[in-house]
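The values are calculated or read from the model by the stated rules, or taken from the named source; none is laboratory data. Note that the structure is predicted; figures quoted are calculated from it, not measured. A quick note on method: Cβ atoms are made from the backbone with ideal geometry, for glycine too, and the neighbour counts reach across all protein chains shown.
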Amino acid sequence: MSLPNCPKCNSEYTYEDGVLLVCPECAYEWEPGQEVEEDGVVAIDANGNRLENGDTVTVIKDLKVKGAPKDIKQGTRVKNIRIVEGDHNIDCKIDGFGAMKLKSEFVKKI
Ligand SMILES: [Zn+2]
């Protein structure tokens, strides 16, 4: 099993420490799959939980969609979200609507 190189200095001597990966050369520690947080992109859901790329969420209220014939209904399940920068900080695809951006405050993590 091979570990990813350090995202900071690209060292290949990284090792695992619990859930974290650690770089012995620049002392950087990170959680695998969360390199995106480097940019400070954070999305918090309606319950105050931190959302991550790949999470599944449900919509907590009906949302109007500009140009769409119907609203996104409360309880709609949204799979495999991506956290992005901006006011609408979730990038996703919703059945019947296609590619869409949502605000994290209007969803909750499942
Ligand atoms: Zn490093």
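For segment 1-23, the tally of residues that are over 23 Å from the mean Cα position of the chain (by Cα) and within 8 Å of the ligand (Cβ to nearest atom) stands at 5. When residue 31 is tested against (1) at pLDDT 85 or above; (2) within 13 Å of the chain's Cα centre (by Cα); (3) within 29 Å of residue 3 (Cα to Cα), only condition (2) is not met. Of all residues in segment 84-104, those satisfying the criterion of being surrounded by fewer than 15 Cβ atoms within 10 Å (Cβ to Cβ) and of a type in the set (Asp, Glu) are 85, 87, 95.
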